[in-house]
Amino acid sequence: MKKTKTLAIVLISLLALVSCSSDNNGIDTEYPVIDISASNAFPVQCSEVTRGQKITFRAQFTDNTELGSYSLDIHHNFDHHTHSTEVNTCVADPVKKPVNPMLYINSVTIPKGQKSYEAIQEITIPADIDPGDYHFMIRLTDKEGWQTIKGLSIKIL
């Protein structure tokens, strides 16, 4: 009887040690967050911008441990492909072939140690590009490599 109680105590102690293991403590498994809900955020789904003008990209980024970098990608959507992450859809122009579409790709490293970062970036929309439907892609990566993508549909007039 004494051996059974001792064995039970040893097994319970081992089980407690195993279940309290700290192997997963400190591992970041959360995606970073792209927030475009502020009143001054730009662009938002279905925004319209004018050729030959400057726009100011503005979004709030957050992460549970540390942000890493973000990239912006503006490319044509004349063929109506999709990677929108938004629920509402925008009125699309008819499908057309690109002649001189805009292509903008830019990556930014976020300063070290930031859990929250307001991204502000001025972008010039060339005057001589094809007007029409475009995608505005925001890719946010945290320090561990987790990535969140927000795909917005915009129209360049």
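The values are calculated or read from the model by the stated rules, or taken from the named source; none is laboratory data. In this text the structure is predicted, and so the values were computed from the model without any measurement. Cβ sites come from the backbone with ideal geometry, for glycine too, and all protein chains shown count toward neighbours. We work out accessible area using only protein heavy atoms, side chains counted, and drop any ligands, DNA or RNA first. Shrake-Rupley method; radii C 1.70, N 1.55, O 1.52, S 1.80 Å.
Counting charges near residue 65 (Lys, Arg +1; Asp, Glu -1) among other residues having Cβ under 10 Å from its Cβ returns a value of -4.
The heavy atoms of residue 39 present about 130 square angstrom of accessible area, all protein chains included, probe 1.4 Å. The calculated FRET efficiency for residue 95 paired with residue 35, based on their beta-carbon distance and R0 = 30 Å, is about 0.40. Ordered from highest to lowest accessible area with the whole protein assembly present and a 1.4 Å probe, 75, 135 read as 75, 135. The simple spin-label model puts a point 7 Å past each Cα toward its Cβ; for residue 149 and residue 62 those points are separated by 2.4 nm. The calculated FRET efficiency for the pair residue 127 and residue 42, based on their C-beta separation and a Förster distance of 22 Å, comes to about 0.65.
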